[in-house]
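The values are calculated or read from the model by the stated rules, or taken from the named source; none is laboratory data. Predicted, not measured: the structure shown is a model, and the values here were computed from it. Heads up, the Cβs are rebuilt from the backbone with ideal geometry, glycines too, and the neighbour counts pull from every protein chain shown. With ligands, DNA and RNA removed, areas are computed over all heavy atoms of the protein, side chains included. Shrake-Rupley method; radii C 1.70, N 1.55, O 1.52, S 1.80 Å.
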Amino acid sequence: MELRLTDVGVIKPVETGIAFPRRDGDINTLLNKTNHHPNIEGHTFFTYPAPLAPVPAAACAGETLIFDRILEKLNALENCSSVDIRLIDGCGGLAVPLDADGRDQRDLALALPVDSLVLVIENRL
């Protein structure tokens with residue numbers, strides 16, 4: 001029997017609080033920690049320097065975060081990248097808005113053809 005490491009794609013649709021070049025983002029940190037393993041690919045779509053929720057961080061950068069653009073980028077990646085597992089790392093929590101209309105991480109998960117949704121949160125009870 002041959003063992004094969006699963007090809008994994010990790011996506012961070014929006015990352016805030018990243019003041020380049022002083023600090024690596026989450027995806028770069030992951031790739032560096034795994035020594036840029038050939039079975040791991042990473043993508044960050046939108047990065048903003050202000051350490052705020054995505055919508056106000058984009059506004060501070062003079063941009064408007066648009067939910068449909070995030071979805072388009074995820075769908076385009078689905079069509080050009082063949083990985084066995086795709087992990088999407090959220091920004092700030094499940095209910096943090098990703099556009100001015102209030103669509104959030106939950107809406108993003110519901111808009112994608114996903115098999116499973118795993119929510120990882122800190123146990124603060």
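A few remarks follow.
- Excluding ligands, DNA and RNA, the accessible surface per residue across the chain is 67 Å² with a 1.4 Å probe.
- A Förster radius of 30 Å combined with the Cβ-Cβ distance from LEU94 to ASN32 puts the calculated FRET efficiency at roughly 0.65.
- Normalised contact order of the chain, rounded percent, pairs of Cα under 8 Å and 6 or more residues apart: 29 percent
- Charge dipole (debye, nearest 20) of the chain; +1 at Cβ of Lys and Arg, -1 at Cβ of Asp and Glu: 360 debye
- Net charge of neighbours whose Cβ lies under 13 Å from the Cβ of LEU119, counting Lys and Arg as +1 and Asp and Glu as -1: -2
- 0 to 90° range, to nearest 10: angle between helix 67-80 axis and the chain longest Cα axis: 20 degrees
- Theoretical gain in end-to-end length, VAL83 to LEU110 [0.36 nm per residue, Cα-Cα removed]: 7.7 nm
- DSSP-assigned coil residues among GluC sites (Glu not before Pro) in region 11-68, each with at most 15 further Cβ atoms within 10 Å: GLU63
- Accessible surface, 1.4 Å probe, highest first, among residues PHE45, PHE67: PHE45, PHE67
- Cβ-based charge dipole, the chain, positive-most Cα from ALA95, ASN28, PRO38: ASN28
- Under 5 Å from the amide H of THR47 lie the amide H atoms of GLU15, each residue being 5 or more positions distant or on a separate chain, with H modelled from the backbone and absent for Pro and chain starts.
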